[in-house]
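A.B. asks: My structure is below; once you've seen it, I'll send some questions.
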Amino acid sequence: MNLSSLKFAEGSKKKPKRIGRGQGSGRGGTATKGHKGQRSRAGSKRRAHFEGGQMPIHRRLPKRGFTNIFKEEFQIVNICRLNALDENEVNAEILKANGIINKVEIPVKLLGNGDIDRPIKITVNAASASAKAKIEAAGGEVVVI
């Protein structure tokens, strides 16, 4: 195969629409802009989302709800993910090192999905009641900081 023998696939290359190049082009005269009107004139510009002077949709629609600025985001860790760890004492750094959480700075919440088969001491920012119960039933401990 030569680089000189490469060709585009059939129909993949189209010629650009040439407007305003005389009557013989088939797109002369009004140059596909119609007759008269704002958008047919040279230099015609409108800002994005302009609706011809009517009340724009972003002002017609009601504003609903609010954003709670005190909301605390947690990284979720389920109990079933802790079975893969070899350590008996687990904290955010160990979870990050094993790829269970993304960032140490964001608080971690322990949830009770799954089962644990060995005692483990885990330090997290928050834990659900079912997660605490399951870990304590296995002989472990949950430390909430």
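A.B. asks: Do you know which residues across the stretch 121-145 are in contact with a Phe, Trp or Tyr (Cβ under 8 Å, 6 or more places away or on another chain) and closer than 15 Å to ILE94 by Cβ?
C.D. replies: Of everything in the stretch 121-145, just one residue is in contact with a Phe, Trp or Tyr (Cβ under 8 Å, 6 or more places away or on another chain) and closer than 15 Å to ILE94 by Cβ, namely ASN125.
A.B. asks: Moving on. Among the residues of the stretch 1-26, write down those that are in a loop (DSSP other than H, G, I, E, B) and polar (S, T, N, Q). It would help to see each step written out before you state the result.
C.D. replies: The first filter runs over the stretch 1-26 and keeps only residues in a loop (DSSP other than H, G, I, E, B), leaving 1-2, 6-22, 26.
Once the filter is applied, which keeps residues that are in a loop (DSSP other than H, G, I, E, B) and polar (S, T, N, Q), the stretch 1-26 yields ASN2, SER12.
A.B. asks: Six or more apart or on different chains, Cβ atoms under 9 Å: show the pairs whose first residue is in the stretch 46-73 and free of Cβ contacts under 8 Å to residues at least 40 places away in the same chain and whose second is part of a loop (DSSP other than H, G, I, E, B) and loosely packed, with under 10 Cβ neighbours inside 10 Å.
C.D. replies: Matching pairs, first to second residue: ARG46/GLY52; PRO56/HIS49; ILE57/HIS49; HIS58/HIS49; ARG60/GLN54.
A.B. asks: Now a separate question. Applying the selection to the stretch 74-96, what residues are without any contact (Cβ under 8 Å) to a residue 40 or more places away in the chain, under 17 Å from VAL142 (Cβ atoms) and aliphatic (A, V, I, L, M)?
C.D. replies: Hits for the stretch 74-96 are ILE76, LEU85, VAL90, ALA92, ILE94, LEU95.
A.B. asks: Might you check whether a residue that is outside any loop (DSSP other than H, G, I, E, B), surrounded by 13 or more Cβ atoms within 10 Å (Cβ to Cβ) and either touching a His at 6+ places or on another chain (Cβ under 6 Å) or not β-branched (Val, Ile, Thr) (or both) occurs anywhere in the stretch 52-66?
C.D. replies: no
Residues are listed down the side, and each one gets a yes or a no for (1) under 15 Å from GLU87 (Cα atoms); (2) of a type in the set (Gly, Ala, Ser):
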{"residue": "LYS103", "(1), (2)": "no, no"}
{"residue": "GLY112", "(1), (2)": "no, yes"}
{"residue": "LYS121", "(1), (2)": "yes, no"}
{"residue": "LYS132", "(1), (2)": "no, no"}
{"residue": "GLY140", "(1), (2)": "yes, yes"}
{"residue": "ILE145", "(1), (2)": "no, no"}
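A.B. asks: Within 29 Å of the chain's Cα centre (by Cα) and modelled with pLDDT under 90: does that describe ARG39?
C.D. replies: Against the criterion (within 29 Å of the chain's Cα centre (by Cα) and modelled with pLDDT under 90), ARG39 does not qualify.
A.B. asks: Hey, can you tell me all the residues within the stretch 27-47 that are surrounded by 10 or more Cβ atoms within 10 Å (Cβ to Cβ), part of a loop (DSSP other than H, G, I, E, B) and small (Gly, Ala, Ser)?
C.D. replies: GLY28, GLY29, ALA31, SER44
A.B. asks: Let me ask something else about it. If we keep just the residues of the stretch 75-94 that are closer than 14 Å to ALA131 by Cβ and either part of a helix (DSSP H, G or I) or among the basic types (Lys, Arg) (or both), which is farthest from the chain's Cα centre (by Cα)?
C.D. replies: Among residues in the stretch 75-94 that are closer than 14 Å to ALA131 by Cβ and either part of a helix (DSSP H, G or I) or among the basic types (Lys, Arg) (or both), the one farthest from the chain's Cα centre (by Cα) is ASN83.
The values are calculated or read from the model by the stated rules, or taken from the named source; none is laboratory data. The structure presented is a predicted model; accordingly, all values stated were derived computationally and were not measured. No Cβ is skipped: glycine too gets one built from the backbone with ideal geometry, and neighbour counts run over all protein chains shown.
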